[in-house]
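The values are calculated or read from the model by the stated rules, or taken from the named source; none is laboratory data. This one's a predicted model, so the numbers in the text were calculated from it and none came from an experiment. All Cβ positions, glycine included, derive from the backbone under ideal geometry; neighbour counts span all protein chains shown. The accessibility values were calculated without ligands, DNA or RNA, using every heavy atom of the protein model including side chains. Shrake-Rupley method; radii C 1.70, N 1.55, O 1.52, S 1.80 Å.
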Amino acid sequence: MTEAEWLACEELGRFAFSGIKASDRKWRLVVCACSRRIWKWMVDDRSRRAIDLSERFADGLISEVPLAEAQTGAQAAWTAVSNKYGESPQRAAAATSAYSSQRHLNDNDRSNAMGSVIEAFSGTARRIAERDALVQIIRDVFGNPFRPITFLPEWRTSTLLALAQQMYDSRDFSTMPILADALGDTGCEDEEILAHCRGPGPHVRGCWVVDAISGKA
């Protein structure tokens, strides 16, 4: 995929199979953020636990053993929902997304998880809107991988680190504009960084600016 194709792309599958150099952590957080958009339809606690543990695994907080256990639980939840007569397609899609989210996330897993989120919604217009939202999540996490930003060490102040960690832990990124102001106070004049902080979002765990402040890859 070229830079022009990346910037214009609206197909989730093409992103998943783009071949960009990115860590497993980044893709895992993308898929988890997408899956959380249909959290209300994950009626089986094993599905929600799979998302939580996948995020924890992404940040190196748990080993592969509990992740494998989460995979088993998510698969069982998916089977239970799929086999239950009259179960709603939204719940089935949510279970599918949860199951895909905590695997080792090859290209197929990424594509299937994000596609399942879209399948949870009825109507062409709503599905297009949801696809656009997921595309924005991908761009929030990866930015423009063809033009990496150099984040200067002097921008990484205690105030910025505290703001970034607070947003990351709470999953509340409403203070991104404040982050932009704090960056400006350090002398940061990078228009792309500041515009991203002040933009409409959505912002999720793995946001490329927040990660740059925290030194995460």
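Brief remarks on what is shown
- Within the range 43-59, tally of residues that are farther than 13 Å from residue 94 by Cβ and open to solvent by less than 70 Å² (accessible area, probe 1.4 Å): 7
- Here residue 76 fulfils each of the conditions (1) outside any helix (DSSP H, G or I); (2) open to solvent by 30 Å² or more (accessible area, probe 1.4 Å); (3) modelled with pLDDT of 90 or more apart from (1).
- Within the range 79-98, considering residues that are more than 24 Å from residue 126 (Cα to Cα) and at pLDDT 85 or above, the one surrounded by the fewest Cβ atoms within 10 Å (Cβ to Cβ): 79
- Failed condition for residue 62, given (1) open to solvent by less than 60 Å² (accessible area, probe 1.4 Å); (2) in a helix (DSSP H, G or I): (2)
- Considering the range 116-143, the residues that are of a type outside the set (Phe, Trp, Tyr) and not in a helix (DSSP H, G or I) include one that is surrounded by the fewest Cβ atoms within 10 Å (Cβ to Cβ), namely 123.
- Count - residues of the range 183-213 that are surrounded by fewer than 14 Cβ atoms within 10 Å (Cβ to Cβ) and under 18 Å from residue 145 (Cα atoms): 3
- Scanning the range 132-156 for residues that are basic (Lys, Arg) and farther than 16 Å from residue 173 by Cα yields 147, 156.
- Cβ-Cβ distances below 6 Å connect the following pairs, each with a first residue in the range 41-52 that is over 14 Å from residue 75 (Cβ atoms), a second residue that is open to solvent by 70 Å² or more (accessible area, probe 1.4 Å) and modelled with pLDDT under 90, and a separation of six or more residues or different chains: 41/91; 43/91.
- The residue that is nearest to residue 2 (Cα to Cα), among those in the range 150-163 that are of a type outside the set (Ser, Thr, Tyr) and open to solvent by less than 80 Å² (accessible area, probe 1.4 Å), is 151.
- Residue 113 falls short of the stated requirement of being more than 25 Å from residue 6 (Cβ to Cβ) and either aliphatic (A, V, I, L, M) or open to solvent by less than 50 Å² (accessible area, probe 1.4 Å) (or both).
- Cβ pairs under 9 Å, 6+ apart, first in the range 6-25 and without any contact (Cβ under 8 Å) to a residue 60 or more places away in the chain and at positive phi, second open to solvent by less than 100 Å² (accessible area, probe 1.4 Å) and assigned to a helix (DSSP H, G or I): 19/107
- With respect to the stated conditions, residue 22 is surrounded by fewer than 19 Cβ atoms within 10 Å (Cβ to Cβ) and outside any helix (DSSP H, G or I).
- The residue of the range 164-182 that is farthest from residue 27 (Cα to Cα), among those that are touching a residue at least 24 places away in the same chain (Cβ under 8 Å) and surrounded by 13 or more Cβ atoms within 10 Å (Cβ to Cβ), is 182.
- Checking residue 147 against (1) open to solvent by 60 Å² or more (accessible area, probe 1.4 Å); (2) closer than 29 Å to residue 198 by Cα; (3) part of a helix (DSSP H, G or I); (4) touching a residue at least 12 places away in the same chain (Cβ under 8 Å), the condition it does not meet: (3)
- Hits in the range 1-42 (condition: among the hydroxyl-bearing types (Ser, Thr, Tyr) and within 30 Å of residue 88 (Cα to Cα)): 35
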